[in-house]
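Colleague: Attaching a single structure in C-alpha cells format; questions to follow.
Every number in this text was worked out from the coordinates using simple rules, so none of it is lab data. What you are looking at is a predicted structure, and each value in this text was computed from that prediction instead of being measured. Cβ: placed from backbone, ideal geometry, glycine included. Neighbour counts: every protein chain shown.
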Ligand code: NAP
C-alpha cells in the first residue's frame, strides 16, 4: 500500500535539531520525511554520509539513503521544518513561504515579527489566526510559524497555568542550560569542563520578549498585545548534555500556597490534550514531589521529552512562590515543538 502520510522537508537536517526532527518523525502517523536540506558542505551526499549521527538510537533506515539537498533546491513537500542557524534562516524560510510551503521554524529570526505566530499549542493556540494576516500582508501562498527558544518554552509551559489561575505580577528566572542548546560543535570542551559560563548571547532578551508575546493576546484588528508582567532572566551554560533547568521565583496574584500552585500545574491541559494530538504529552506539566528532583539526567526524557517537569514548589521570601522547571531542549525545546505545531495545523486545516 502506498504511504499516505504528508511529505515533509527538514532544513538543517544534519544539525542537533535536524537530527531530532528525523528521529521524532521516523514513525510519525501523519508525516514522513521526504526531503533533507543542509549546507553546501553536505549537499549531494547521502544523509548517512553527510551526518555525524549523535543521538542514542540508530539513524532511521528510511532516510539514510536520501540525498541531502542544498538550500537553493526546489522543494516539493508542503510542510517544511526548519532547524537552520539564524544567520541563514531569514532568506531561505521566506522564499519557501512565498512559494507556498508551511514553514515551521525553530530559528529566532521571525519569532517576534508582528504577523508571525510564536506558538505553544497548550498556551496560545488562538495565535494561529495571525497566519491569515501574514499571508495577506506579504502576498505569500504559504506562511512561517515559529516555536519559542528552548528555555522560554519550558518556562512558559509552567507559567501558563499560574497566569490562568492567579495572574502573574513578576518573574525572576535563572537558567542552567545544556551544551546541546548551542548546536554542534557548540561550546569548546575546554570552556565547559569544570565550569559554568554565565552568558548566552541574546538568550535573556529572548526569554523576556518571547514569554510576553506567548502569554499575551492576539486580535485580527490589534495584532499581538504582549503580557504586561515584568520578567528578569539570568542565563547560564552548564556542563550538561541535554535538558535545561530553570530556577523560578514568581509573584502571583492572591498569594496562593504551594499546594494551590501544585494543583494548578497538575490540572493544566491544553488544545493538544483535548485533540489527542500524536505528540502531545498526556500532562504538559508534571510535578515531582521529591526534594531533589527534577534532574536533567533522570527526568528530561519523561513523557518522551515533550513535558515540562516541575519540582521544589515552595514559598519564596522575596516574591511569594518558587520552583524548579526542567525540560528537554532539543525535543520539546525545538523539534518536538515544531512537530506539535504541525499536528495542530493539520487538525485545524491550516496545512497547504
Ligand atoms: P547545528 O547543530 O549547528 O546545525 C545547523 C544545521 O544547519 C546543520 O544541518 C547545517 O548543515 C545547516 N546549515 C548551516 N548553514 C547552512 C546553509 N547556509 N544552508 C543550509 N543549511 C545550513 O544547530 P542546531 O543546534 O541544530 O540549531 C539550529 C537552529 O535551531 C538554530 O537557529 C538554533 O538557535 C535553533 N534552536 C536550537 C535548539 C537546541 O537546543 N539546539 C533549541 C531551539 C532552537 P551542515 O551540517 O551541512 O553544515
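Colleague: Using mean Cβ contacts within 10 Å as the protection proxy, how do 175-186, 203-214 order, highest first?
Modeller: The packing order, highest mean first, is 203-214, 175-186.
Colleague: By average Cβ neighbour count within 10 Å, what is the ranking of 99-107, 3-11 from highest down?
Modeller: Top of the packing list down: 99-107, 3-11.
Colleague: Continuing with this model, one more query. Rounded to two decimals, what ratio of Rg to Rh does segment 56-177 give with C-alpha atoms and a Kirkwood Rh?
Modeller: Here Rg/Rh amounts to 1.04.
Colleague: Quick check on the chain: helices-only [θ] at 222 nm, where DSSP H runs of length 4 and up contribute -39,500 (n - 2.57) each and the sum goes over total residues. Nearest 500, please.
Modeller: -8000 deg cm²/dmol
Colleague: Each label point is 7 Å from the Cα along the Cα-to-Cβ direction; what then is the distance between the points at residue 57 and residue 72, in nm?
Modeller: Here the modelled spin labels are 3.7 nm apart.
Colleague: Also: Please work out the FRET efficiency for the pair residue 189 and residue 269, using the Cβ-Cβ distance as r and a Förster radius of 45 Å; give the result to the nearest 0.05.
Modeller: 0.65
Colleague: Counting other beta carbons within 10 Å of each Cβ, put 279, 308 in order, fewest first.
Modeller: 279, 308
Colleague: Note down the Stokes-Einstein diffusion coefficient of segment 150-328 in µm²/s, whole number, using a Kirkwood radius over alpha carbon pairs, 4 °C, and 1.567 mPa s.
Modeller: The calculation lands on 77 µm²/s.
Colleague: Hey, what angle do you get for helix 258-267 against the long axis of the chain, alpha-carbon based, 0 to 90 degrees rounded to 10?
Modeller: 30 degrees
Colleague: Kindly give the semi-axes, whole Å and largest first, of the ellipsoid equivalent to the chain, taking each as the square root of 5 times a Cα gyration tensor eigenvalue.
Modeller: Over the Cα atoms of the chain, the semi-axes work out to 32, 24, 18 Å.
Colleague: Over the alpha carbons of segment 1-129, what is the largest minus smallest coordinate on each principal axis, giving the biggest first in Å?
Modeller: 40, 33, 28
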